[in-house]
Amino acid sequence: MAVVLPSMQMSNVQQQRVLVEQLRREAGIRRINVSIAVEDIKKYIVDHEQDDYLLVGFSSQKANPFREKSSCSVL
């Protein structure tokens, strides 16, 4: 948990209030088990693998934004 403490001008009580507010926000976050998250990630990957150009490649060389650009030489 990375909490950025306010400036040194704040009193200790003010700093503690900021910390408590941050902890309350974090406590309100919905959490799930890692095993469920992993299954969701695996399902997402399988569902979207047909759109992954690293797996299926590009339909043509021109569709590849990472292709080497042709060089132009002036004679």
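Worth a mention:
- Here V13 meets the list (1) modelled with pLDDT under 95; (2) surrounded by 10 or more Cβ atoms within 10 Å (Cβ to Cβ) almost entirely, failing just condition (2).
- Residue match in region 56-72 (condition: out of contact with any His (no Cβ under 8 Å at 6 or more places or on another chain), of a type in the set (A, V, I, L, M) and surrounded by fewer than 10 Cβ atoms within 10 Å (Cβ to Cβ)): no
The values are calculated or read from the model by the stated rules, or taken from the named source; none is laboratory data. All values reported here derive from a predicted model rather than from experimental measurement. Every residue, glycine as well, gets a Cβ built from its backbone with ideal geometry; the counts of neighbours run over all protein chains shown.
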